[in-house]
Structure formats: C-alpha cells, structure tokens
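The values are calculated or read from the model by the stated rules, or taken from the named source; none is laboratory data. Quick caveat, the model's predicted, so the values are computed rather than measured. Virtual Cβ from ideal backbone geometry, glycine too; neighbours counted across all protein chains shown. To get the accessible areas, we keep the full protein, side chains included, count just its heavy atoms, and leave off ligands, DNA and RNA. Shrake-Rupley method; radii C 1.70, N 1.55, O 1.52, S 1.80 Å.
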Amino acid sequence: MWSIFAPLLRTLTGGRSTFAPKARANTLSFEAEWAWLIAQLKLPPQTLRDVFVSGSLEPHFSYQRYFKPKQSGGKREIAEPDSRLKHLQHEIISRHFTTGLIHSATVAYQKGMSTADHVWAHAGAEVIVLADIQDFFPNTRVDRVETWWRSRVNTDTARLLTILTTDRGGLPQGAPTSPALSNLVNFELDTRLEQRATLAGASYTRYCDDLAFSWPRGAGPPSGFEPTVRAVLHEFGYALHPTRQEGVAGGTRGGFPLTKGWRIYDRLDEPEVTGAILTSSGGVRLPERLRLVMRELARSSDPRDLERLKGYMGYAAMLTSRAARRKARKKKAQSKSVGPVVDPSIVVPAVIAPAPVLFNDEPDPYDEFGYDEFGDEPDANEPIPF
C-alpha cells in the first residue's frame, strides 16, 4: 500500500512523509553498499535507515536556503545541501548518472555541448518559437523522480535516492544532482515534444527550461501546435512562464496570435536565444550589449579587466566558431537523411548521459546569469563563468 501512495504523500507534504514504512529488523538493501561512505563522512551507521524510515533528511542532513536576485527582477530561492549531503549527491552522480538515457534534443549539462548547440540548431530558420518553462526545477515533481529511480534500482534504494535528491516536492535548485536528473527524468517529455515538432515540420531543442522550435521554411507553426505543446507540458507538471512574451497577449506578430509565454519570431527579427542572436543571414552573433562590454574591457588597462575580456572572448568563440557551425550543419544533414517522422509512436534518438553534470564552459545554472534567464543581461561587473 505504501508504495502506491508514497509519491502523492511526499508531493502534498513538500517532500516529507506523514507516514513511513516500519523499520525492518534485517539490513536494508542499500545499507551495506553505502556503509563505507557513511563511515567516511563520520555519520552514525543508522543514518540512511533513519532517512528511509522517516522520509526526511533531518536530523542528519540539511539545506541552506537563501535568495539570489534574478536579472529580470524578483528573487530565486537556492537550496544548497550541506557538505555531507553534497558529498553523497556527488557519489550518486558517479554511480547512477553515467548510463542514463538523455534525449538527443536536450543539450544542457552535457559534456561537449553548450548553448551553441541549442542556438545553431535553429540558425537560418524562417520562423522561430521560443518558450520558457516556469519554475522548472521545483516543478520537476518528486513522484516523477521516484518513478525514474524505480526503473533503475530496487524499491528501497529508489525511495532512499529520491529523498536524497529532492526537496519540498521537487528538484532543489542548488543540489549537484538536479541538472542531470532534470534531463534524465524528462526523456519522455522531450520525446513527446520532438514528435509534435516533427509532425509540424519543425526542429526542437531544449536547454534546461528554454524550449526552441523552428521551421526552415513555410508558414511556421500550424494551428493547434501551441495548445498541443502546452498540453504535453501540463501532463508532466509544467507550464510556460506567463510573463515571458514579446508584444501584447491577444495581439498578433507576423500573422500569428500572441499568447503569454509563447514568442514567435520571423528570421528578420533576429531573436535572442539563450544569450545569442540568430542573424537574418543564418548565422549566430553576440548581443550588442555584450559586444559593448567587450569593447569597454579592451580599452581598460586593468589586468583584471583583461582577464574578464578573455572570458567573454571564450564565450564568443564557443558560440560563433567554425566548429559550432560544422556541428550544426552535420546534425541538420543527418536529420534530413532520416526523413520526416509521421508515426507518433516512433522511438526517437537518445544519447547516453555523461558525468558529471556541470562543466567549465557552461554557465552555472544557479548564479546571477540564471538557469532560466541566459537571455537576460549578465552583470557587467562580473565575468561570465567559463
């Protein structure tokens, strides 16, 4: 009975169970496997049993909560695990995230991939649609995370790993496990969205919470495409960000109706996608605000500014290099050779998840640059992290 209602109870109670299975006299399946690490962290031997039975991290682990300002206004809550919980989470990454399936349309938090892959996939398109998922990490629900764990490990271990990697009913922004889990858990979501996009004649990529659809030619999204996307997202517990919009809801842009959270562009609009501009000529360039910052840094005689300039130049090279262009062209050529997919039941391509989840050339999704706001203006007083 517990296995049926546990995910619902944890969702309703913010990740803490009001009812938990009785402690077993025998050793739980995971205790021997993790005993060495628990001893290394100088925790009581029964620590993981306590977490499992109570459904709570307390009193052995905790999150430090604080707020960081968003570039677009408001604040984002960060939940940073304590050092021992973070150590456990890194061990979880190395043990379980190296062989999971991640959809090929997902380009965030993967070795050898960056925002350039997200942007170049839509270079040269006639019509581009951009959308942002609201509160992406917190709305990746605990029940979906546990379902994913149950597909990989036994029931006891799945329950334990769910508690160790979730917080208040979702993925905590600040835990090292959250970026990779957000990709792994959403394989089916990406499958469904790509199927809808392909049937509509579009390309689809997702960078964390940023969705992009593009049409190389033709009239753009057919009628009913937007409601279908919203319905798929709703099925997985997500909604589009209601304030991310160009123009006035109820109006039109390029002949398309404008609705909240759904932004439609013509190629001549040169839209900004995750901090880069898709040019009308089919290329990619930096936004003018970043180019202005780079020119100011180049005129400075301060060695610190010159170091910052190197970071910006690295970012520019990552976005606009020939290698990025070749990669995008190769991917497009491969997709054309396969031909259009018309059967919604077809199994779409997947890639094996690499580990770990964050890399030196990726912006940290929890810093001021913002996991859901790569398109907003970076702090001019801080270098872009690379």
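Solvent-accessible area assigned to carbon and sulfur over the range 131-173 amounts to 38 percent, based on a 1.4 Å probe.
Close amide-amide hydrogen proximity is noted between Gly169 and Gly15, each under 5 Å apart and 5 or more residues distant or on a separate chain (H modeled in the peptide plane; Pro and chain starts excluded). Spin-label model, Ser94 to Thr279: label points 7 Å out along the Cα-to-beta-carbon direction sit 4.5 nm apart.
In order along the range 189-203, phi translates into HN-Hα couplings of 4, 5, 4, 5, 5, 5, 4, 5, 5, 4, 4, 8, x, 10, 9 Hz, rounded to whole numbers, per the Karplus curve 6.51 cos²θ - 1.76 cosθ + 1.60 with θ = phi - 60° and x for Gly and Pro.
Probe of 1.4 angstrom, ligands and nucleic acids ignored: what's the accessible area per residue over the range 98-247, in square angstrom? Each step should come with its number before you reach the end.
Details: 4380 Å² over 150 residues.
For the range 98-247, the per-residue accessible area is 29 Å².
Note on Met318: accessible area is roughly 30 Å² with a 1.4 Å probe, heavy atoms of protein only. The string of couplings for the range 156-173 from the Karplus curve (6.51, -1.76, 1.60, θ = phi - 60°) is 4, 5, 4, 5, 4, 5, 5, 5, 6, 10, 10, 7, 6, x, x, 7, x, 6 Hz, one whole number per residue in order, with x for Gly and Pro. What is the spin-label model distance, in nm, from Lys111 to Leu199 if the labels are put 7 Å beyond Cα along the C-beta direction? Label at Lys111, label at Leu199, 3.7 nm between them.
Database remark: amide H of His103 closer than 5 angstrom to the amide H of Val351 (H placed geometrically; neighbours at sequence offset of 5 or more, or on other chains; Pro and chain starts carry no H).
Phe97: net charge of surrounding residues, Cβ under 13 Å, Lys/Arg +1, Asp/Glu -1, itself excluded? Mind showing how you got there, number by number?
On the way: positive: Arg95, Lys111, Arg152; negative: Glu91.
Net charge in that neighbourhood comes out at +2.
The amide H of Thr279, built 1.01 Å from its N in the peptide plane, has Val284, Arg285 as neighbours under 5 Å, considering only residues 5 or more places off or on other chains. When all protein chains stay in place and ligands, DNA and RNA are ignored, the 1.4 Å accessible-area order of Ser214, Ser300, largest first, is Ser300, Ser214. For Asp302, the accessible surface of its heavy atoms amounts to roughly 50 Å² (probe 1.4 Å, protein chains only, rounded to the nearest 10). Charges were assigned to the Cβ only: +1 to each Lys and Arg, -1 to each Asp and Glu. The resulting dipole of the range 53-200 about its Cα centre is roughly 240 debye.
The accessible area of Thr320, taken with all protein chains in place and a 1.4 Å probe, comes to roughly 40 Å².
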